[in-house]
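Working notes, beginning with the structure itself.
The values are calculated or read from the model by the stated rules, or taken from the named source; none is laboratory data. Owing to the predicted nature of the structure, the values given are computational and were not obtained by experimental measurement. Here Cβ is always computed from backbone atoms with ideal geometry, including for glycine, and neighbour counts include all displayed protein chains.
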Amino acid sequence: MSADAPDRSVEQPAATAGADFPRAARLLKHSDFERVYKQGRRHFSSHMTVFYLRRAEGDSSQGAVGEKGARIGFTVGRVLGGAVERNRIKRRLREAVRLRLAMLKGAVDVVINPKKSVLTVEFSVVREEVGRALDVIAKKLVEK
């Protein structure tokens, strides 16, 4: 390795270290999305609607064996724009969720249904709104 070569073993910044969005934390099956939409509750905010449903302890759709954490999915329909815009919306939401995922404890499925404004609003607003929604969900789950 030459002296001018950049060091590729740079650590992550402290704000993102240890925070990830693993596959086990994602809602992937169509049937799970449908179940959350039909049986779950809703939380409305200015840039998104968040659906959530507590999973039963013996639920076979929990993904990995013994997986008891929150699972989060996104629905970004064609009405929100072309593939580039929809993928950008999903990337922004995934990052906002990744930063706040630790707020949710327990077995819960969450589906975030964004509005087109998520694409143009500042990321700090999206992050704040996702955090507020996850905080509301966490409080509702404790009440039950």
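Within the stretch 93-144, the set of residues being in a helix (DSSP H, G or I), of a type in the set (Asp, Glu) and either in contact (Cβ under 8 Å) with a residue 60 or more places away in the chain or under 18 Å from Asp32 (Cβ atoms) (or both) comprises Glu129 only.
Looking only at residues in the stretch 76-124 that are of a type in the set (Val, Ile, Thr) and over 11 Å from the mean Cα position of the chain (by Cα), which one is farthest from Ala138 (Cα to Cα)? Ranking the qualifying residues of the stretch 76-124, first place goes to Val84.
Considering (1) part of a helix (DSSP H, G or I); (2) at pLDDT below 95; (3) crowded, with 16+ Cβ neighbours inside 10 Å, the lone condition that Gly69 does not fulfil carries the number (1).
Yes/no matrix, rows are residues, columns are (1) modelled with pLDDT of 95 or more; (2) exposed (fewer than 12 other Cβ atoms within 10 Å of the Cβ); (3) over 19 Å from Val118 (Cβ atoms):
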site	(1), (2), (3)
Pro22	no, yes, yes
Ser31	yes, yes, yes
Tyr52	yes, no, no
Ala56	no, yes, yes
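Contact map, the stretch 40-67: first residue within 22 Å of Val136 (Cα to Cα), second residue surrounded by fewer than 10 Cβ atoms within 10 Å (Cβ to Cβ) and modelled with pLDDT of 95 or more, Cβ cut-off under 6 Å, separation 6 or more or different chains; the map is empty. Taken over the stretch 80-92, the criterion of being touching a residue at least 12 places away in the same chain (Cβ under 8 Å) and on the phi < 0 side of the Ramachandran plot is satisfied by Leu80, Glu85, Arg88, Ile89, Lys90, Arg92.
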